[in-house]
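Before any comments, here is the structure.
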């Protein structure tokens, strides 16, 4: 039956066109954002998980920055301490030479004093952005080395830290009064340098793990929310064709009522 009041064909064509336009809008949004889940309405479960993972990834970036800062402080301290050990060895040799009869002790004492001054200057200069582990005014530095995500309840998260212990190299020069005490200072410096090296090794390992963990988190986020651009491109072409055909179908359905006029001529 043909009716002027109800055009069923036009209704069907309009519904089909509306659905096509909706799908086309979704596909265009995915292409524009690169994500198939860009808001909670797209997929509430995946969106919620991805937000949590993105936050965790951002926190790992903070951890990496903290460890990078710690490594820089350690590098400055270790470089200064390594050079100080060499100068202390020279002081030790001078004290030993001073025990020999017939040497110019005043000249040796002057050399020792200059070497001690050089060590003190090294200790004061081993500074990175105000953090100095070797100067008398320096203090230990706490570095964030890890973050363990909790279950959302208070106190369930855990922050891992490493304390970079200070070593008063500047004051150590005052202990070097003879060959024996200088030997003791050398032992203390080597132990301090070993500790700095061990902490640097730990930071290197933790930094490597954190970088890999952040990459894994980012890949996981991509699996959840990233759009397959090849598939979306093919879908866009198909929907554009469907849209054109839908418009033509609606136009044909709307024009069918005009054919009734020919019956009354």
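Each reported figure results from applying straightforward, stated rules to the coordinates on display, with no laboratory input. Every value quoted in this text rests on a predicted model; they were computed, and no experiment measured them. Glycine also receives a Cβ, built like all others from the backbone with ideal geometry; neighbour counts cover every protein chain displayed.
Quick notes
- Paramagnetic label reach from residue 236 (point 7 Å along Cα→Cβ; backbone nitrogen cut-off under 14 Å): within the stretch 30-49, residues 30-36.
- Equivalent-ellipsoid semi-axes for the chain (Cα gyration tensor, √(5λ), whole Å, largest first): 81, 17, 12.
- Distance from the stretch 19-69 to the stretch 93-123 (C-alpha centre basis), Å: 66 Å
- The C-alpha atoms of the chain define a longest principal axis, and helix 8-33 lies at about 10 degrees to it.
- Short-range pairs are left out: with C-alpha atoms under 8 Å and at least six residues apart, the relative contact order of the stretch 43-226 is 31 percent.
- Between 214, 15, 223, the Gaussian network model of the chain with springs among Cα atoms under 10 angstrom shows the greatest mean-square fluctuation at 15.
- For the chain, built as a Gaussian network whose Cα springs stay under 10 Å, the top-fluctuating residue of 186, 24, 224: 24
- Residue with peak Gaussian network fluctuation, the chain [Cα springs, cutoff 10 Å], from 153, 16, 177: 153
- Angle in degrees between helix 105-125 and the longest Cα principal axis of the chain, rounded to the nearest 10: 20 degrees
- Subtracting the Cα-Cα distance of residue 194 and residue 79 from 0.36 nm times their residue separation leaves 40.2 nm of extension gain.
- The stretch 17-133: relative contact order in percent, alpha carbon pairs under 8 Å with at least 6 residues between: 24 percent
- Three-way shape label, the stretch 184-265, alpha-carbon gyration tensor, a/c 1.5: prolate
- Projected label distance in nm at residue 226 and residue 51, using a 7 Å step from Cα toward the beta-carbon: 2.3 nm
- Remark: spin-label model distance residue 109-residue 204 equals 4.5 nm, labels positioned 7 Å along the Cα→Cβ axis.
- Residues in the stretch 40-80 that a label on residue 158 would reach, taking backbone N under 14 Å of a point 7 Å out along Cα→Cβ: none
- Helix 179-225 and the longest principal axis of the Cα set of the chain meet at an angle near 0°.
- Cα-based values for the stretch 1-88, radius of gyration first and Dmax second, are 30.4, 109 Å.
- Stretchable slack from residue 248 to residue 32, in nm (0.36 nm times residue separation minus alpha-carbon distance): 75.0 nm
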